[in-house]
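Novice: Pasting a structure below so you can have a look.
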Amino acid sequence: MDRSSPVPLYFQLSQQLEAAIEQGRLAPGSLLGNEIELAGRMGLSRPTVRQAIQSLVDKGLLVRRRGVGTQVVHSQVKRPLELSSLYDDLETAGQRPATRVLRNTTEPATAEVAAALGVAEGTEVVLIERLRLAHGEPMAHLCNHLPAGLLKLDSAELEETGLYRLMRAAGITLHSARQTVGARAATAEEGEQLGEPAGAPLLTMARTAFDDTGRAVEYGSHTYRASRYSFEFQLLVRP
């Protein structure tokens, strides 16, 4: 703690605890101990510790359980808007990603998918549908379409690593993407998949990725739990 800083001590403590949760040093289920123990360990007053903990309770990162103490619930994944995969972002954040492959098949391209991939409507394309988890908890429902014959995708491999890693391993150079971010309410089916009630807020993302020749190599349509996930923007002033 920097006692010479104008930043309040409770805020400094809450920021340190939040960083430890986001980086996985404080895993879900970890106990913080009571306020007296924390105050003694940090050399802070109980009201300062109480205020720091309450700010993280309000963010949904901590929960107070009677007879148990203050417990880490989960961290919210903050994903930068760059051409990376969710698997890599979760792994980098220490979130222990896991994947359930729901479908790995081919199907005729809808008008939306055909337009994104630059193929004729009805053309056979690969469909990969997955549920992405972090610490065993659902985070996102991922639906990806790829041109047929682009690469062979094995379900067992898709459960062990990210799609973009497999594409790069197959010699595909991902160069750029066009992406749209939105939000809507969860349907009953989506809520059941993601562990949220029907009507809960979801973040949505539609992305078309291009290789270094300008060819569309993947179209993704994804939904994320807004309670566990956010997109992070960096905005620059034009000269």
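The values are calculated or read from the model by the stated rules, or taken from the named source; none is laboratory data. Keep in mind the model is a prediction, meaning the values are calculated, not measured. Because the Cβ atoms are built from the backbone with ideal geometry, glycine has one as well, and the counts that use them run over all protein chains shown. Areas reflect the complete protein model, heavy atoms only, side chains present, ligands, DNA and RNA absent. Shrake-Rupley method; radii C 1.70, N 1.55, O 1.52, S 1.80 Å.
Novice: Using a 1.4 Å probe on the protein heavy atoms only, what accessible surface does E137 show? Give it in Å² to the nearest 10.
Specialist: 50
Novice: Taking 8 Å as the Cα distance limit and 6 or more residues as the minimum spacing, I'd like the relative contact order of the chain as a percentage.
Specialist: Working: 427 pairs, mean separation 38.8, N = 239.
Averaging sequence separation for qualifying contacts and normalising by length gives 16 percent for the chain.
Novice: Tell me whether the chain comes out rounded, prolate or oblate; compute the Cα gyration tensor, take square roots of the eigenvalues as a ≥ b ≥ c, and use a/c under 1.5 as the rounded threshold.
Specialist: Working: a/c = 2.56, a/b = 2.10, b/c = 1.22.
Prolate, since a/c reaches 1.5 and a/b exceeds b/c.
Novice: If I model a spin label at R46 and A170 as a point 7 Å from the Cα along the Cα→Cβ vector, what separation in nanometres do I get?
Specialist: Distance between the two pseudo-spin positions: 6.1 nm.
Novice: May I pose another question? When all protein chains stay in place, what accessible area (Å², nearest 10, 1.4 Å probe) is found for T106?
Specialist: For T106, the solvent-accessible surface is approximately 80 Å².
Novice: Between 0 and 90 degrees, rounded to the nearest ten: what's the tilt of helix 46-58 against the longest Cα principal axis of the chain?
Specialist: The angle comes out near 20 degrees.
Novice: Can you tell me how the range 85-203 classifies by the Cα gyration tensor, rounded, prolate or oblate, using a/c under 1.5 as the rounded cut? Write out the running numbers ahead of the final one.
Specialist: Details: a/c = 1.73, a/b = 1.22, b/c = 1.42.
The shape class here is oblate.
Novice: To the nearest 0.05, what FRET efficiency results for R25 and M1 with a Förster distance of 25 Å applied to their C-beta separation? Don't skip to the answer; put the middle values down first.
Specialist: Details: r = 17 Å, r/R0 = 0.70.
E between R25 and M1, to the nearest 0.05, is 0.90.
Novice: Where does helix 9-22 land angle-wise versus the long Cα axis of the chain, in degrees 0 to 90, nearest 10?
Specialist: Result, in degrees: 40.
Novice: May I pose another question? Working with all protein chains in place, sort F210, F11 by solvent-accessible area computed with a 1.4 Å probe, largest first. Can you show the working numbers first?
Specialist: On the way: F210 40, F11 90 Å².
Ranked list, largest accessible area first: F11, F210.
Novice: For the full complex of protein chains and a 1.4 angstrom probe, list M42, M139 by accessible area with the highest value first.
Specialist: Working: M42 65, M139 0 Å².
Largest accessible area first, the residues go M42, M139.
Novice: Return the calculated 222 nm mean residue ellipticity for the chain, to the nearest 500 deg cm²/dmol, obtained by summing -39500 (n - 2.57) across DSSP H runs with n ≥ 4 and dividing by the residue count. Show your work: numbers first, answer last.
Specialist: Values: 8 runs with 67 residues, N = 239.
Computed mean residue ellipticity for the chain: -7500 deg cm²/dmol.
Novice: Averaged over all directions, how much area does the convex hull of the C-alpha atoms of the range 9-72 cover when projected, in nm²? Can you show the working numbers first?
Specialist: Working: hull surface 15.4 nm².
One quarter of the hull surface, i.e. the mean projection, equals 3.9 nm².
Novice: Between D58 and E37, what is the spin-label point distance in nm, taking each point 7 Å from the Cα along the Cα→C-beta axis?
Specialist: Here the answer is 2.6 nm between the modelled labels.
Novice: What number comes out for accessible area per residue over the range 86-225 if the probe is 1.4 Å? Units Å², please.
Specialist: On the way: 6440 Å² over 140 residues.
I get 46 Å² per residue for this part.
Novice: How much length, in nm to one decimal, is gained on full extension between Q15 and L151, taken as 0.36 nm per residue of separation minus their Cα-Cα distance? Can you show the working numbers first?
Specialist: Numbers: separation 136, 0.36 × 136 = 48.96 nm, distance 4.36 nm.
Extra length from Q15 to L151 when fully extended: 44.6 nm.
Novice: Further question: Using protein chains only and a probe of 1.4 angstrom, how many square angstrom of H135 are accessible, to the nearest 10?
Specialist: About 50 Å², rounded to the nearest 10.
Novice: Moving to a separate point now. Give the carbon-plus-sulfur fraction of the accessible surface of the chain in %, rounded to a whole number; probe 1.4 Å, heavy atoms of protein chains only.
Specialist: Numbers: 6460 of 12520 Å².
Answer for the chain: carbon and sulfur cover 52 percent of the accessible area.
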